[in-house]
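The structure appears right after this line, and notes come after that.
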Amino acid sequence: MNCSLEISCTQFTFAVQEPGTLPAMKGSTWHGILGSRMKQLFCLYPHTSCTGCSHRSACGYVDFFEPHLQSSEEQTPSSFQKGFVLRDMTDMRKQFQPGDLLTVGLVFVGRIQKYLPLLVADFSRPFRIGKVPFTIQLSEVRQLQFAKLSELVLFREGQLILAPTSTNTVGQLWKLAEGVHSNSVQLNFLTPTRMKTAGRLNKAPNFEQIVQALIRKLNAFAVHFGDGRDVIGAEHYQELMKNCRSLHVVENSLRWVDWKRYSRRSEETMTLGGFIGTLTVSGNLKPLLPLLLLGEYLHVGKQASFGLGQYRCQFV
């Protein structure tokens, strides 16, 4: 497939300078940090609601963090896909001491890639997490290159090594999938995954419903942050659904877990949930491989900007 939607897969590593505590599920914390930093960088009227701001159509914070406000459609923040994904939210440590390293993966989609150099520069200065003196500083930034299956070091120990690039495209990953030869795959869901089917939260999805959610996410990214067109059209969609129904479920150990996050915006603790575990299917996987591999970076389901919906493929 010749899809030009660009994605930049990066890994930020921070060095802890002053001790502190973080929750086991850190996606909400990093989501809040990104929103706070972008607001400081771009917002002209920090004490005014973005909804009524006359500058919102040209505001970097709104573009990055509240893109639903730029849409002509009636959208809520929870239903509109942000143009970034938080990855690698699997470090359950809570206590951190000076010298410890803290890693977060960030995927920038389409036009949102333009904010990567700005965030690298901003994070290069020490900053505090929360109200306690928990201080961290950027140590290294790496960027994955699909075409070469390698990583580039963009930033290390206070120095910019290479300027961030935008060479990764969905089409490149689609082509790489041609080199995978397997008739069985295990999806290992690493972070709680929340997805809806027919408008309702689905706590026990089947493989076909997971693929449907992957297609919705990819198309939403392309429409809102790419060239405005679906990557997978109606005819291709029907072919993939037919392929899903021909597969055999070998093992399904998905289970539901609840977790809590604190919302700075509403100043309240929210209880959320999602499924984790593994799902293994076998059969003719060839038509689905590109989508499954892409989902490793874009995640599946809702709130990927909090790190939810991350999974890894293990081919047998």
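Cut-off is 10 Å between beta-carbons; in what order do Trp30, Trp256 appear when sorted fewest neighbours first?
Trp256, Trp30
Which helices of the chain meet both criteria: a Cα extent of 18 Å or more along the helical axis and a mean Kyte-Doolittle score no lower than 0.5, with helices taken as whole DSSP H segments?
What comes out of the filter, once short or polar helices are dropped, is 207-225.
Could you give the length gained by full extension between Glu235 and Ser182, i.e. 0.36 nm per residue of separation minus their alpha carbon distance, to one decimal place?
Stretched out fully, the Glu235 to Ser182 stretch lengthens by 16.6 nm.
Across region 173-315, how many lysine pairs, 8 or more positions apart or on different chains, have C-alpha atoms separated by under 15 Å? Please give the number.
Pairs that pass both the separation and distance tests number 6.
Sort Glu239, Glu208 by Cβ crowding within 10 Å, fewest neighbours at the top.
Glu239, Glu208
With a Förster radius of 30 Å, plug the Cβ-Cβ distance of His55 and Ser124 into 1/(1 + (r/R0)^6) and report the FRET value to the nearest 0.05.
FRET efficiency, His55 to Ser124: 0.65.
On alpha carbon coordinates alone, what is the Rg over Rh value for region 173-315, Rh being the Kirkwood radius?
Rg divided by Rh gives 0.98.
Based on the mean of other beta carbon atoms within 10 Å per residue, what is the order of 294-302, 277-285, most packed first?
294-302, 277-285
What FRET efficiency comes out for the pair Met92/Lys242, r = Cβ-Cβ distance, R0 = 35 Å, nearest 0.05?
Using R0 = 35 Å, I get an efficiency of 0.30.
For the chain, what are Rg and Dmax over the alpha carbons, in angstrom?
Cα-based Rg and Dmax for the chain come out at 19.5, 56 Å.
If you place +1 on the Cβ of every Lys and Arg, -1 on the Cβ of every Asp and Glu, and leave all else neutral, what size is the dipole of the chain about its Cα centre, to the nearest 20 Debye?
The calculated dipole for the chain is roughly 500 debye.
Can you tell which of Met89, Phe134, Tyr311 lies farthest toward the positive end of the dipole of the chain, using +1 and -1 charges on the Cβ of basic and acidic side chains (Lys, Arg; Asp, Glu)?
Positive-most Cα among the choices belongs to Phe134.
For every other residue with a beta carbon closer than 11 angstrom to the beta carbon of Arg56, add +1 if it is Lys or Arg and -1 if Asp or Glu, then tell me the sum.
-2
Can you sort Ser124, Ser182, Ser305 by how many other beta carbons sit within 10 Å, fewest first?
Ser182, Ser124, Ser305
At a Förster radius of 35 Å, what calculated FRET efficiency corresponds to the Cβ-Cβ distance of Leu201 and Gln314, to the nearest 0.05?
It comes out at approximately 0.85.
Take peptides 18-29, 46-57 and line them up by average Cβ neighbours within 10 Å, highest first, as a rough protection proxy.
18-29, 46-57
How big is the charge dipole of region 173-315 about its Cα centre, in debye rounded to the nearest 20, if each Lys and Arg gets +1 on its Cβ and each Asp and Glu gets -1 on its Cβ?
The dipole of region 173-315 has a size of about 380 debye.
Here, each number is a calculation from the coordinates, and none is a lab measurement. It should be emphasised that the depicted structure is a prediction, and the values quoted were computed from it without experimental measurement. When we count neighbours, we look across all protein chains shown, and the Cβ atoms used for this are built from the backbone with ideal geometry, even at glycine.
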